[in-house]
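This report concerns only the one structure given below.
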Amino acid sequence: MYNSETFDEMFATEETPREPCRAFVERLGGVSIDELRNRQVAAELHLNNMGITFNVYGHEAGVEKVWPFDVLPRILGYDEWAEVEAGLKQRVTALNLFIDDIYNEQRVIKDGIVPEHLIQTASSYRPELRGFSPTNKAWCHISGVDLVRDRDGKFYVLEDNLRCPSGVSYVLENREIMKRTFSTIFQGMAVTPVDQYPEQLLRTLLDCAPAGVDSPLAVVLTPGVYNSAYFEHTFLAQQMGVELVQGVDLTVVDDYVYMRTTRGLQRVDVIYRRIDDDFLDPECFREDSVLGVRGLMRACRAGNVTLANAPGTGVADDKAVYAYVPDIIRYYLSEEPILANVPTFVCSDEKQREHVLANLKDLVVKPTNESGGYGIVLGPRATDQELAACADRIRANPREHIAQPMLDLSTAPTLTADGLEPRHVDLRPFVLAGKEVYVMPGGLTRVALVRGSMIVNSSQGGGSKDTWVLRDPSGTDTWKAMAPSA
Amino acid sequence: MLSRVAESVFWMSRYVERAENVARFIDVNDNLTLGEGVDLSEQWAPLVYTTGDQELFTKLYGEPQRESVLRFLAFDPRNPNSIFSCIAAARENARSVRESITVPMWEQINKYYLLVQSSLQNARFVAEPSPFCDLVKHASHTLVGTTDATMSHNEAWHFSRIGRLLERADKTSRILDVQYFHLLPNVQDVGSTLDVVRWSALLKSASALTMYRRVHGRITPDRVAEFLLLDRDFPRSMRFCVMRAQDSINEITGSRPGTFSCRSEQQAGRLRSEMDYTAVDDVVQQGMHEYIDGFQDRLNEIGAALQKDFFTLDTDAETQHQTQSQRMLR
């Protein structure tokens, strides 16, 4: 019997589906487990044939793995999604205003909303960019905000991921595979399409080209074939029809960026870069970087090339700054935040630190400048020794730690060796911000395939699911209203 | 297009063509040794010469034997020209330009790689190499067809065609060189069964037998040489390959016919016109081996010139001029 111990994305009780999933569960009733397994095998074969892979670090260079795909979709109702979408737009709008302010007037600091020392000590803060403001004041053109759903079914923002978030290619591929391998279950279901993302991304990039460029040229900059997200880089470049370049393909002359073509040098106006700040420009950041382009930052500061995301956006992605995002939203937009933050204790604050140290066993401790689940200590599951070591690290380096209560992740039915079982999932929607803000319907649902595990990362036993946002029952779809203008 | 992409597309095609030719060599040679009744180990040695890797082979295996030659040519990752190595390299090249080739092309090359990889463990290969060779040839043809049918015939497509044709010209010349030398002592016994069988095998290794028959009918050594060297219409003949490669270079540069704007274009054009006005008797008189040696050198020169003309730009020297013209283009 299917039984989740927390909020389940498909079933309200053992027997009854959640309202948005009713039609799907009815259809699923006519499909045997064996049939599901056949579809699963077909999906995996397709992934393998298409070489839809990610690279695993820490193994031999170039080891590609197919990312496990689960054939059962995660379904979101129209209304519940509408609220998430509004919340994401609000959040990204406020974060863009915040970053622009931080590198210019710093009103938010002067008005006492965010402590100055927090910004000064954020390792992702780039003082080189003081006084800089990108086209349309768009700093984070592309964000992949991580959301989780707690026991009560409420969404919380876990991380904002403003620096090269990946995963969107899997959203598009998952939908494709779903249609290919499970067309019968798709027929007649009113699911919002996701296919317009590449078009929206290209539009966002071109909208943010340097002023005065008539027909701007955009490229995707990748660290190369051994990067874990290389598949995605090629996918996005291909879908947008732009060149996928590596650092060696670019050169900077008189503060303009050019790519080396078979017909000589050609100017580049917008770079969707999938290289971290540190490696962008050996002249400005890490000198030993062979991935970047010498002089790129000069070109960027001179306003001759747009980098997406802009360098320095990571300052709003610092986990200690994260704690202030609700205040940041109130400050810039005079609105109450629509999406909740996970309550966060900032260890650089003495009072909060004492609380954290006293309650370590019940909290999750995270380093402020890491992503991808690295360096996290789960209090309730840690040994005494691990907790003691963690406490030492916090005392030695309070600025670099935050703590949060342990959340439950919602579950969704997943095909396992023992039939359908609840597995924990999260959700990473993708938000584009150029002239306007666009939210892709749904996003990437990652699933922890190991029973009870809450670790959804692909490198650590996670898989993914297609994410369905059901269409507006009243028939006025937001995605149609969002169609690109001429 | 990006220079790096042009180079990768060129090599991708080149490696695929190389793998296909190795499969052809194996297939025909195996076919030839069947039914001979005696140990024909010595028949496997020329195969290693054909691919030009005899030094490496001797180092790894010593005397050529059927099994070792088969493994070396098909699957040995230590041999950079084995079918496995070639397809792995082709796929790596394709992977680095995945955004510039079409989805069906990528799917085909990826499946091709998975096919070869899954055959590594195939115990039946040594006993029966032919089914595997067929699969390789088909996979190559499917890729070429997919490329022609799904990719715009743009600059990238032309670079891919040049890569394929230069490789094919080189391989046809090699097999002709080795087999001609090998078969020559028998030239006097025209009409004897074995002779015709082996000359036919030479044509078959280039899938040329049917087309040869239609053009020349009976098999004679000179006509076979002529067909593989100088036929104007047969897609695996050396001349055909050079002609079409030059066409593609022309398309890329946009030079008027009979003119050239870079070294590679000049050299390809020169080689082509020489072949246009060459008769097989001239070649025989000069000596087949000497002619082919010279031909291969010329191909290498074209390859090196392509590298310099398109793949590695001397940007420092060019920068000023190019940035000026680009600004004006805007």
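Descriptive notes on the structure:
- For region B:162-313, projected area of the alpha-carbon convex hull averaged over all directions, nm²: 8.9
- Dividing the C-alpha radius of gyration of region A:339-470 by 2.2 N^0.38 Å, with N its residue count, gives 1.24.
- Each other residue within a Cβ distance under 14 Å of A:F279 adds +1 if Lys or Arg and -1 if Asp or Glu, for a net charge of -1.
- In nm, spacing of pseudo-spin labels at A:A190 and B:S261 (7 Å Cα→C-beta vector): 5.7
- Sum of -39500 (n - 2.57) over DSSP H runs of 4+, divided by residues of chain B (222 nm, nearest 500): -23500 deg cm²/dmol
- Surrounding net charge for B:D247, when Lys and Arg each add one and Asp and Glu each subtract one, Cβ distance under 10 Å: +2
- Length released on extending from A:A302 to A:T383, taking residue separation times 0.36 nm less the Cα-Cα span: 23.9 nm
- For region A:1-112, the fraction of alpha-carbon pairs in successive 5 Å shells from zero, as %: 2, 9, 10, 11, 11, 11, 13, 12, 9, 6, 4, 2, 0
- The value for region A:70-210 of Rg(Cα) / (2.2 N^0.38 Å) is 1.31.
- Candidate lysines - alpha carbon under 21 Å from A:K465, same-chain residues fewer than 8 apart omitted: A:K65, A:K154, A:K179
- Residue order, fewest to most beta carbons within 10 Å, for A:R151, B:R223, A:R273: A:R151, B:R223, A:R273
- Here B:T150 and A:D327 are evaluated by their C-beta separation; at R0 = 45 Å the FRET efficiency comes out at 0.25.
- Residue exposure sequence - A:H233, B:H158 - by fewest surrounding Cβ within 10 Å: B:H158, A:H233
- Taking a straight Cα-Cα cut-off under 29 Å and skipping sequence neighbours fewer than 8 places away in the same chain, the lysines within cross-link reach of A:K137 are A:K89, A:K110, A:K319, A:K435, A:K480.
- Using a Förster distance of 56 Å, the FRET efficiency for A:E370-B:D276 (Cβ separation, nearest 0.05): 0.25
- For B:T278, net neighbour charge (Lys/Arg +1, Asp/Glu -1) across residues whose Cβ lies under 13 Å away: -1
- Measuring nothing but how far apart in sequence close Cα pairs (under 8 Å, 6+ apart) lie, relative to its length, chain A scores a relative contact order of 24 percent.
- Under conditions of 10 °C and 1.306 mPa s, region B:239-300 yields 129 µm² s⁻¹ as its translational diffusion coefficient, taking Rh as the Kirkwood radius over Cα pairs in the Stokes-Einstein equation.
- Listed residue (B:G145, B:S119, B:L229) projecting farthest to the positive dipole end of chain B, Cβ model: B:G145
- Dipole magnitude of region B:1-105, debye to nearest 20 (Cβ charges: Lys/Arg +1, Asp/Glu -1, about Cα centre): 580
- Kirkwood analysis of region B:53-93, using all unique Cα-Cα pairs, places the hydrodynamic radius at 10.3 Å.
- Using alpha-carbon coordinates, inclination of helix B:238-253 to the longest axis of chain B, degrees: 10
- Using the Cβ-Cβ distance between B:Q121 and A:Y226 with R0 set to 35 Å, the FRET efficiency from 1/(1 + (r/R0)^6) comes to roughly 0.85.
- Shape call, region A:142-191: gyration tensor on alpha carbons, a/c limit 1.5: oblate
- Calculated log₁₀ intensity ratio I(q)/I(0) where the Debye formula runs over C-alpha points of region A:414-453, q = 0.26 Å⁻¹: -0.85
- Degrees, to the nearest 10: B:315-329 long Cα axis against longest axis of chain B: 60
- Placing dummy labels 7 Å off each Cα toward the beta-carbon, the span from A:V450 to A:E5 is 1.6 nm.
- Once backbone amide H atoms are built at 1.01 Å from N, A:E159 has A:D146 as its partners under 5 Å, excluding neighbours fewer than 5 places away on the same chain.
- Helix content alone sets the calculated 222 nm mean residue ellipticity of chain A: runs of n ≥ 4 DSSP H residues at -39500 (n - 2.57) each, divided across all residues, give -8500 deg cm²/dmol.
- Estimated distance in nm for a label pair at A:I33 and B:K59, the labels positioned 7 Å out from Cα along Cα-to-Cβ: 5.6
- Note on the protein assembly as shown: Cα-Cα pairs beyond 36 Å make up 55% of the total pair count.
- Total lysine pairs under 17 Å (Cα atoms) in chain B, excluding pairs fewer than 8 apart on one chain: 4
- When you restrict to C-alpha pairs under 8 Å that are six or more residues apart and normalise by the size of region B:1-151, the relative contact order lands at 31 percent.
- Since only B:I292, B:S96, A:V290 are under comparison, the one whose Cα sits farthest along the positive direction of the charge dipole of the protein assembly as shown, derived from C-beta charges on Lys, Arg, Asp and Glu, is B:I292.
- Globularity index of region B:60-175, i.e. its alpha-carbon radius of gyration over 2.2 N^0.38 Å: 1.14
- Per residue, the convex hull spanned by the Cα atoms of region A:350-406 amounts to 71 cubic angstrom.
- Cα gyration tensor of chain B - equivalent ellipsoid semi-axes, whole Å, descending: 35, 25, 17
- Based on the Stokes-Einstein relation at 37 °C and a viscosity of 0.692 mPa s, and on the Kirkwood radius from alpha carbon pairs, chain A is assigned a translational diffusion coefficient of 139 µm²/s.
- Dipole check for the protein assembly as shown: with +1 at the C-beta of Lys and Arg, -1 at the C-beta of Asp and Glu, and the Cα centre as origin, the magnitude is about 980 Debye.
Each value in this text was obtained by applying a stated rule to the coordinates, not by laboratory testing. The structure displayed is predicted, hence computed values, not measured ones. All Cβ positions, glycine included, derive from the backbone under ideal geometry; neighbour counts span all protein chains shown.
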